[in-house]
1. Out of the residues in the range 278-298 meeting the condition of being hydroxyl-bearing (S, T, Y) and modelled with pLDDT of 95 or more, tell me which one is surrounded by the fewest Cβ atoms within 10 Å (Cβ to Cβ).
2. Going through G240, G262 one at a time, which residue ends up being modelled with pLDDT under 95 and either in the same structural domain as H343 (by TED's automatic domain parsing) or farther than 22 Å from L35 by Cβ (or both)?
3. May I ask you to list the residues in the range 358-407 that are surrounded by fewer than 19 Cβ atoms within 10 Å (Cβ to Cβ) and closer than 18 Å to S430 by Cα?
4. On the basis of being of a type in the set (V, I, T) and assigned to a helix (DSSP H, G or I), does V377 make the cut?
5. Here is a list of conditions, (1) surrounded by 23 or more Cβ atoms within 10 Å (Cβ to Cβ); (2) hydroxyl-bearing (S, T, Y); (3) within 30 Å of R259 (Cα to Cα), and T124 meets all of them except one; can you say which number that is?
6. When V11 is evaluated against the numbered criteria (1) surrounded by fewer than 21 Cβ atoms within 10 Å (Cβ to Cβ); (2) of a type in the set (A, V, I, L, M); (3) out of contact with any strand residue (DSSP E or B) (no Cβ under 6 Å at 6 or more places or on another chain); (4) more than 21 Å from D213 (Cβ to Cβ), which criterion, by number, is the only one it fails?
7. Can you tell which of T285, T270, T265, T218 is in contact (Cβ under 8 Å) with a residue 12 or more places away in the chain, closer than 30 Å to R65 by Cβ and not hydrophobic (A, V, I, L, M, F, W, C)?
8. If you scan the range 229-275, which residues turn out to be surrounded by fewer than 17 Cβ atoms within 10 Å (Cβ to Cβ), at positive phi and touching a strand residue (DSSP E or B) at 6+ places or on another chain (Cβ under 6 Å)?
Amino acid sequence: MSVRPAFTLEVGQNEYLHATADEMHAILTISARGLADLGSTLAEVILVDCSGSMGWPSTKIAAARRASAAAIDTLRDGSLFAVVAGTSSARMVYPARPELAVVTPESRAAAKEAVRWLEDHGGTAMSTWLHRAREIFTTRPAVIRHAILLTDGRNESESAARLDAELGACEGLFSCDARGIGDGWESDELLRIAGRLRGTADAVREDSELVADFQKMTRSAMRKVVPDLRVRFRLLPGVGIRFVKQVFPVEADLTGQLRQVGDRTVEFATGSWGEESREYHVCLTADPAGHASGERLRLARVDLVADGTAGPEVDVPATGAPILVHWTGEPVLSSRIHLKVGHYTEHVELREAINAGCGAYESGDVEEAERAWGRAVRLAAELDNQKNLDRLSCLVHIDDAAQGKVRLRETIEGGDLKRVKVTSVVSSMSPGSLARPLHPKPDEQPVATSRRCPQGHLVLAGHGYCRECGIKLEAP
């Protein structure tokens, strides 16, 4: 029996706060189920950097041609698509006019032939590429709109403000995965594009890897069937939102995208969905003054709102999920860190350690770089973040991941530094509940007995809180 398409929502938090604390942290886990067998109309626009630097070495433009053709082959018949060559302006490759073509055997062959003649010349102004994509997407209706942006260089032919303005204009209209090739691109630019347009940022180490990456992105876009889902907060009087961030599968600050929709009601859009799960970290502010200790309050109600005008009909929870607070003078209760909150706090530490190591290495402090990357390796292993472990292994020899014992590699390529930066926002999903095994894995070494938590649970080396009960520990 098929599963009815539906979204679920869970709130993970420790509702107890110290009597004077004014911040409540919670993790929202949203899952989509029953979407795998549904279809939707996808519009795909491929934005290919054709600036002069793509020709040196020539393997880059050749890889771009092959990858674009592979993406076109991956699209199912009936999808909509276009290909754009990006330089200091945007030129249509296929079709000839700025519009979407329907994927058929004939149009697929014609587009692949056009892509064969991509040439490298000119500068790089990414806002013009995105503007052209925005123009193209509005020519025909589609449930899912997705772009792939490939670049080998910096956005040097225009100001950062112009790119930011275009990102604002594109936001909500389509999603975009940004990719780098070679080693001349900027990690911050790719992350900015992907973050604003609800996509992913990454780069290939070898030009030959680009075909598989384009195929993967195209297949992922074809699995999306719900165009948007909004998360709505109904706040208690006096309650505010300090921040809201997507924390899985990638980190992205969404605070600036909150929109007021009513009295004490705000929401943000999450973009298109397939069958998947995502997690969001919300921090609410509330003044404990005037509320008796021991009183249990609902600071906010969280509702999911699906787009009812396009895409399939999907169920959302009929009643919202509460974010609660219970101010208390009992330190054992208020010092507990919810497992999900702790998990993503450690992911922030992982990203900071990666970037600290990159900064130290670039400034010539190789000893500090090794220390920072050793800490990053330990955190990545602890969090089961294989993507970051793989990227870090290009910078250091990993002797003992669990202990963070590493040795700096003799030679580190500039491209590897950028690739580890751009994937530092990739996270692993938090554990499903506070229930954890009572005994560590064989390769996890406990600290001394004096580091047991107040409840008597054994704490693993490097942890700042007890993973059995969530109690925060003092520094040793």
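1. Residues of the range 278-298 hydroxyl-bearing (S, T, Y): 280, 285, 293.
Next, only the ones that are modelled with pLDDT of 95 or more stay: 280, 285.
Numbers: Y280: 21, T285: 14.
Among them, the one singled out is T285.
2. Values: G240 fails: modelled with pLDDT under 95.
From the options G240, G262, the qualifying one is G262.
3. Within the range 358-407, D384, Q386, K387, L389 qualify.
4. On the way: of a type in the set (V, I, T): yes; assigned to a helix (DSSP H, G or I): yes.
Yes: the conditions hold for V377.
5. Going through the list (1) surrounded by 23 or more Cβ atoms within 10 Å (Cβ to Cβ); (2) hydroxyl-bearing (S, T, Y); (3) within 30 Å of R259 (Cα to Cα), T124 breaks only (3).
6. It is condition (3) that V11 fails.
7. Details: T285 fails: closer than 30 Å to R65 by Cβ; T270 fails: closer than 30 Å to R65 by Cβ; T265 fails: closer than 30 Å to R65 by Cβ.
Checking each option against the conditions leaves just T218.
8. Answer for the range 229-275, where residues must be surrounded by fewer than 17 Cβ atoms within 10 Å (Cβ to Cβ), at positive phi and touching a strand residue (DSSP E or B) at 6+ places or on another chain (Cβ under 6 Å): just R264.
The values are calculated or read from the model by the stated rules, or taken from the named source; none is laboratory data. It should be emphasised that the depicted structure is a prediction, and the values quoted were computed from it without experimental measurement. Cβ coordinates were reconstructed from backbone atoms using ideal geometry, including for glycine residues, and neighbour counts include every protein chain displayed.
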